[in-house]
Structure formats: C-alpha cells, structure tokens
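The values are calculated or read from the model by the stated rules, or taken from the named source; none is laboratory data. Quick caveat, the model's predicted, so the values are computed rather than measured. Methodologically, a virtual Cβ is constructed for each residue, glycine included, from the backbone with ideal geometry; neighbour enumeration extends over all protein chains shown. Accessible surface is based on the protein model in full, side chains and every heavy atom, while ligands, DNA and RNA are left aside. Shrake-Rupley method; radii C 1.70, N 1.55, O 1.52, S 1.80 Å.
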Amino acid sequence: MRPVGVSKVESMGRMRSIVGWLDNTGVPLLLIRLLVGGAFVYMAIMKLLGEPRVFQKAIKMYNVLPLDPPELVNATAIVVPWLELICGLALLAGVLVRGASLLIFLMLSVFTPALYMITIKLLNEGRYETFCDVKFDCGCGTGEEWMCTKIPINIGLAVLALLGLLSNSRKFCLSSRLWNRRKKPPEAPPESTPAETAPAQT
Amino acid sequence: MRILITLGEVIILAALGAGVGFGANWLRGEERIIVKHAYFRPRASNAPSDQPTGRKSGVKTPPGSDSSSSAAAGGAVETTSGEADGAAAAAGAAAHHLAHEFQTINTEQIEGLLEDAEAGYPVAIIDARGDGDYEEGHIPGALQCDPYQPTRFLPLVKSYVTSAEKIIVYCAGGNCEDSVEVCRTLEFELFVERARLYLYEGGWHDWSDRGLRFEKGRPNELEESNASGGR
C-alpha cells in the first residue's frame, strides 16, 4: 500500500508540470499582458487627459502620504500616471515584463487597501447603507465608480500582475526577439579544399 | 540573478516614469503641479470656531458676527431647501461633511452683502473653481482663484482681498473642499485674517439651483472689479 504522503508529492509534481507546460505555451502570459497592460494604459491616458487636480485630490483622500512636506504628494501626482502608462506599454510590448508586473502589483497593493479603507470610513460615517451603495471618484481616471466592482477588479489585476511576475515564459514578447537577435551566432567561414591547405612539398 | 534583473527593470521603469512625468509637468506651464507648493494644508488647531460643521445645519458662525443673527433662519433655509431640486438638497446634505475652521455664510446673507456692495461696502467674493466652471457662470462680482494654479491667481487676488472687509469663498458645494484650501492659502500666504474669511458651503450648486442672478465669462480688468466694490 502506498503511503499517503507520496501521492500528494506526485500530484503536486504533476500540477507543477501542467502549470509549467501551460506557462511554456506563452498564452497565459500573453493574456495577462494584454489585460493588465491594456487596463493600465487606458487608466493612465484617462488620468493624463483629465486635470491633474483630480488625481492630487485622490492622493490626499487615500491618506497614505503625509501632506507635510508637500513634495511627496505632489511628486506622486506628477509621476504615477506616467509610470502607469509606461508600465502598461511595457507589458503590452513584452519588454521589462517582470519589472512592469512588479511595479503594477505594488501600485495596486497600495491603492486597493486605501480604497477599501475609504469605503469602510464612508460606511461608518453613515453616508451609505451597504458596501455596494458606495460610489465615488477614486482618481483612477474613470470617474465615479462603485466600490463593490472596483475593488474586486483591482484585486484581480493585482493577482494577474503577480502571475506575470512569476511567469518564466517570454514567448510573444518583444524582449525575447531582441534578445535572440543579439545572440545570433556569427556566420561560419567557408570550408577550404585539401589542395589549398596541403603544404608545398620540397 | 532573476531578482537582480527584476530590480534593474524596476529602476529603469521608475526612472523613465519620473523623467517623463517631471518633463511633461514642466511643459504644462501655469497649469503644472508646483512640487514645493502646499496645495493641501492641514486644519489649523487654534481655530476659534473649531467645531465640525458637518452635524448641524451647515451654518456656524462665531458669536458677534454679522451673520449670527440670521444664522438660524439661514440654516433653516439651507436645510429645508424645499424648493430646491434633488441636486441642491444632496449638495446641501453632503456639505455637512466638510470639517474646517472658518466662519460660514449662507445664500441669503450673500445676497444681502451683494446689495451692500452696490452701496460701496468692500466685499470680495472668490470662486475657487476651475476655468471652465467659472466662465460658465459665477456669483456676480466673484473673482476666480483656482487653488491648483497658485502662481496664476494669487497675484491677481492679492490686491482684491487686501481692501475687502469680508471675503467670501466658494466652490461647487457639496463635498468640494477647494474653497477650504483657498481660505487656508489666503490665510497662510497672503496673511488674510481669519475673521475676514467666510466660507459659502452651499457653493455654486446651491446658488444656481435657487435661480439667482449670475455672471458669465471673465471680468476684463481686475481694477473694474475693485472699483465697483467687488460687483
């Protein structure tokens, strides 16, 4: 009779090989890049086309940065929309994929709990009755949104970004094509005939 | 190794983001975010009327001020606002959540002050909204002071507020805090005494929903506004 522990190890090994095989196809990473990269490019463009004050007010509302000194809040308002755009484009193009995924994951890890805390605060103040009644402009560039959809979407994007970070595949990525071009071996010299190479007989 | 590569990618992306961000901000000109400017000041702890206005009618003035006698009436008008539509009622209700250290003023009191201004009483009315909103309509005689464009507006507003005995500041109303930020900026950067500052919490939503007179566009000259006593 097989010990129970061995079958667990086997099943985990099988699971890993299935996941590895799936990752090697490059399709999951491609889908992640399109979804997360596309979402971030869209939100960044909406932020950049709007007034910077909307995002400044959102940063103040999140209450994650001190208002004094003002440089921190102001620099964040200046940099973050462009960082979102650049990370989104990097993901779509398939360059610096891990770095972009990590930055996106970090941004979502900060913004999403802050959104949740604001939602809870508004509920405690009695301004809304239920979680799904809460709606406000989170400064994401898309105007007022219902928090009971916004927060789960953000969590989903964060999970996808994390999977993108952990993926080993680089299929369908621009970086792999650029890398392969750099590593192309030099052309082999033409083969010489025996008559040419034989030393002269004295 | 992979961790180092990832960190390197993060540094490259962050540097790109910062470079492009600051460069694009510089290109915005007067509308740029000024890194060292305090757009949001914390609430002063030594406020004479340091009580949250949010729980009551939204009309809270220190005793002895001109508006205190009509505070109750003004409060009643603002809270009932029976003739106002849902937007005004919502704005009025939501305005109750602003916490600040300034005296407040209601719509009827502003109407009275506008009449006094016609007789020469020095009143300054400041509109804390952006260009588009201001030009679409503002309280007669109001001068724009967008808190997010300090270099553009503070020099213009300085002489306007220096000579005024009462300075009324408003923005959209409801949860809009821009008027609070302008009041704090006037106090800390132009050294306007807090006793002269009045916050119109109902804001533009309340004024327009009551169908009161308003102006459109932009005054041609600041001197014209000053000469007419803020009208």
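For the pairs A:K47/B:K158; A:K47/A:K150; A:K47/A:K135; A:K47/B:K216; A:K57/A:K150, note any where the Cα-Cα span goes beyond 21 Å.
A:K47/B:K158; A:K47/B:K216
Compute the accessible area of each residue in segment B:25-45 twice, once for its chain alone and once with every protein chain present, using a 1.4 Å probe on heavy atoms, and list those whose area falls by at least 50 Å².
The answer is B:R28, B:I33, B:V35, B:F40 - residues whose exposure falls by at least 50 Å² when every protein chain is included.
Can you compute the modelled spin-label distance between A:Y116 and B:E189, with each label point 7 Å from Cα toward Cβ, in nm?
For the pair A:Y116/B:E189, the computed spacing is 3.8 nm.
Would you please classify the overall shape of segment B:98-146 from the alpha carbon gyration tensor, given that a ≥ b ≥ c denote the square roots of the eigenvalues, rounded means a/c under 1.5, and beyond that prolate means a/b larger than b/c while oblate covers the rest?
It comes out oblate by the Cα gyration axes.
Lys and Arg at +1, Asp and Glu at -1: add these up for the other residues within a Cβ distance under 13 Å of A:T25 and post the number.
Combined, the nearby Lys, Arg, Asp and Glu give +1.
Report which residues of segment A:65-96 become buried by 50 Å² or more of accessible surface when going from the isolated chain to the complete set of protein chains (1.4 Å probe; DNA, RNA and ligands ignored).
Buried on complex formation: A:L67, A:E71, A:N74, A:I78, A:V79, A:W82, A:I86, A:L96.
Using a cut-off of 11 Å between beta-carbons, work out the net charge of the residues near B:L154 (Lys and Arg +1, Asp and Glu -1, B:L154 not included).
Result for the neighbourhood of B:L154: 0.
Taking segment A:123-170, which trypsin sites (Lys or Arg not before Pro) meet the DSSP loop condition and have no more than 13 other C-beta atoms within 10 Å?
Filter output for segment A:123-170: empty list.
Within 15 Å, Cβ to Cβ, of B:W26, how many net charges do the neighbouring residues add up to if Lys/Arg are +1 and Asp/Glu are -1?
Charge balance near B:W26 sits at +1.
Enter the buried accessible area of the B/A pair, total of both sides, probe 1.4 Å, in Å² rounded to the nearest 100.
The summed interface area works out to 2800 Å².
Which three lengths, in whole Å and largest first, does segment A:1-121 cover when its Cα atoms are put on their principal axes?
Principal extents (largest minus smallest coordinate, Cα): 68, 35, 22 Å.
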